[in-house]
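What follows is a set of notes on a single structure, which appears directly below.
Just so it is clear, none of the values below were taken in a lab; they were calculated from the coordinates. It should be emphasised that the depicted structure is a prediction, and the values quoted were computed from it without experimental measurement. Neighbour counts are summed over all protein chains in view; Cβ atoms, including those assigned to glycine, are modelled from backbone coordinates with ideal geometry.
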């Protein structure tokens, strides 16, 4: 990961940590994780719902969207649909077809311009996490399997 | 005797914006107006494929509510702009 990405991520991470912790979640980056890889633990607001773990991998920050997948727990593979939410556009266990993911932008090349274009201003990490938390809460924390 | 109208300082934050949108609004102005103004300020062109909405204290604010109804007795109102992709996500 280049120096700009490292510095800008370090600038933006605290706001993401604060946002997740305000709803009972947390952001994790372990010693053994490569630079740019984070695990967002999301606690849905629905009663009795259980936490989701989003694997967020940045390559060039803030200029490109991250790979965004789900796992049953930190460090586990993303291939288990039980770790995925049943939200619109979340195609467990393959990808999330949304403008704020690398997978979605790769699939929809027309999103490169217009309202779905990636925005690299402000705090894009916070934007991504806000969107996935909203999507999860919109379906009441339901799981794909 | 009707209540005296007063202005409320509204701040709208958006994660991908470098700075918040700030403006004073009369308490009778609708949230829909604030939403439209903030989208314009953030350079967001709504095209029907994304739903934009404002949140206050964790809840989505209906566009037909007024600034005064949401702010209550407060003179400052902090709203958060959020998005939902409604087309294209397949």
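The table that follows gives values for the structure above.
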item	result
Average beta carbon contacts from partner chains per residue of B:75-83, 10 Å cutoff	2
Relative contact order of region B:1-66, pairs being alpha-carbon contacts under 8 Å that are 6 or more residues apart, as %	30
Shielding score for A:122-131, defined as the mean number of other chain Cβ atoms within 10 Å	4
Region A:1-76 versus region B:37-64: alpha-carbon centroid distance in Å	25
Global geometry of the protein assembly as shown, whether rounded, prolate or oblate, following the gyration tensor of its Cα atoms and the 1.5 cut on a/c	prolate
Percent RCO, i.e. relative contact order, over chain A, from Cα pairs under 8 Å lying at least 6 residues apart	23
Inter-label distance, nm, simple model (7 Å from Cα along the C-beta direction), residue A:74/residue B:26	5.3
Shape category assigned to region A:3-138 from the gyration tensor of Cα positions, a/c cut at 1.5	rounded
Anisotropy class of chain B from Cα gyration tensor, a/c 1.5 cut	prolate
Peptide-level mean, for A:87-97, of C-beta atoms on other protein chains within 10 Å	2
Residues B:57, A:2, A:80, sorted so that the one with the fewest Cβ neighbours within 10 Å comes first	B:57, A:2, A:80
DSSP bridge pairs, the protein assembly as shown: antiparallel proportion in percent, nearest 5	85
Extension gain, residue A:117 back to residue A:86 (0.36 nm per residue minus Cα-Cα distance, nm)	8.7 nm
Share, in percent, of DSSP beta bridges within region B:5-90 that are antiparallel, nearest 5	75
